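Enquirer: I'd like to ask some things about the structure below.
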Amino acid sequence: MSVKATKVLDCLGLYCPEPVFRTRIELDKIEPGEILEVIADDPAAESDIKSLVKRLKHEIVNISKEEDSVKILIKKLKQSS
């Protein structure tokens with residue numbers, strides 16, 4: 001299954017808490033049903049972003065790892081409150 005991101009957020013070279021902070025800002029900008037792809041190389045980014053997505057009640061569609069980075073596809077399920 002191939003999912004196409006609506007928007008890509010490049011967080012390479014950024015460290016905690018910047019990737020999760022920027023992910024939250026971008027999730028607030030997109031519409032429900034759209035997909036945000038986050039690319040990060042901070043070792044804490046994957047777990048931090050998973051926690052954020054769970055707290056906001058969105059959905060992680062896919063996580064893929066490449067060498068020193070991770071790509072996380074997040075589907076926005078509802079408007080942020």
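Enquirer: Which residue pairs have Cβ atoms under 6 Å apart, sit 6 or more places apart or on different chains, and have a first residue in segment 46-58 that is over 15 Å from Val70 (Cα atoms) and a second that is surrounded by 18 or more Cβ atoms within 10 Å (Cβ to Cβ)?
Expert: That search, which allows pairs on different chains as well, returns Leu52/Val20; Val53/Ile74; His58/Ile74; His58/Lys76.
Enquirer: Assuming Val8 fulfils every condition listed in (1) crowded, with 16+ Cβ neighbours inside 10 Å; (2) touching an Asp or Glu at 6+ places or on another chain (Cβ under 7 Å); (3) in a strand (DSSP E or B) apart from one, which condition is it?
Expert: Result: Val8 passes all but (1).
Enquirer: Then there is this: Would you list the strands (runs of 3 or more DSSP E) that sit entirely within segment 16-81 and hold 1 or more residues that are out of contact with any Asp or Glu (no Cβ under 8 Å at 6 or more places or on another chain), of a type in the set (Asp, Glu) and loosely packed, with under 11 Cβ neighbours inside 10 Å?
Expert: Of the strands (runs of 3 or more DSSP E) lying wholly inside segment 16-81, those with at least 1 residues that are out of contact with any Asp or Glu (no Cβ under 8 Å at 6 or more places or on another chain), of a type in the set (Asp, Glu) and loosely packed, with under 11 Cβ neighbours inside 10 Å span 59-66.
Enquirer: Restricting the first residue to segment 29-44 and requiring it to be farther than 21 Å from Ser2 by Cβ, which pairs with a second residue that is assigned to a loop (DSSP other than H, G, I, E, B) and acidic (Asp, Glu) meet a Cβ separation below 6 Å and a spacing of at least six or different chains?
Expert: Every condition considered, the pairs that remain are Asp41/Asp68.
No value in this document is a laboratory result; all are computed from the given coordinates. Quick caveat: nothing in here was measured; it's all calculated off a predicted structure. As a convention, Cβ positions derive from the backbone with ideal geometry for all residues, glycine included, and neighbour counts pool all protein chains shown.
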